[in-house]
1. What is the local net charge at PRO31, summed over the other residues whose Cβ is closer than 15 Å to its Cβ (Lys, Arg +1; Asp, Glu -1)?
2. What does the charge count near VAL10 come to, summing +1 for each Lys or Arg and -1 for each Asp or Glu among other residues with Cβ under 12 Å from its Cβ?
Amino acid sequence: MKITVRLVLVTVLVVMGLVAGSVAAAAGGMPAAHEADGRTFGEVVSGLAQTDPLALAEHVSGCFGP
C-alpha cells in the first residue's frame with residue numbers, strides 16, 4: 001500500500017509539472033526549453049522515469065529539491 005501511495009504521488013507531481021511546463025515553455029515545448037530535439041528529450045525523460053521516477057518528479061515540480 002505504501003508503494004501505491006508513493007506511485008500516485010509521483011504520478012500526480014509529474015502530471016502537474018508537465019502541465020505547468022507546457023504552459024510556461026517557450027515555443028517548441030519542453031524539448032526546446034531544454035535545448036534538445038523531441039526524440040532525444042523523450043528518450044532521456046523515459047530513461048529517467050524508468051530508473052528514478054522520483055528524480056523526474058523533483059525536477060518537474062521543484063517541490064523536493066534543495
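1. Values: positive: ARG39; negative: GLU35, ASP37, GLU43.
Combined, the nearby Lys, Arg, Asp and Glu give -2.
2. On the way: positive: ARG6; negative: ASP52, GLU58.
Value of the local net charge: -1.
Only the coordinates and a few stated rules stand behind these numbers; no lab work does. Here the structure is a predicted model, which is why all the values come from computation and not from measurement. Cβ sites come from the backbone with ideal geometry, for glycine too, and all protein chains shown count toward neighbours.
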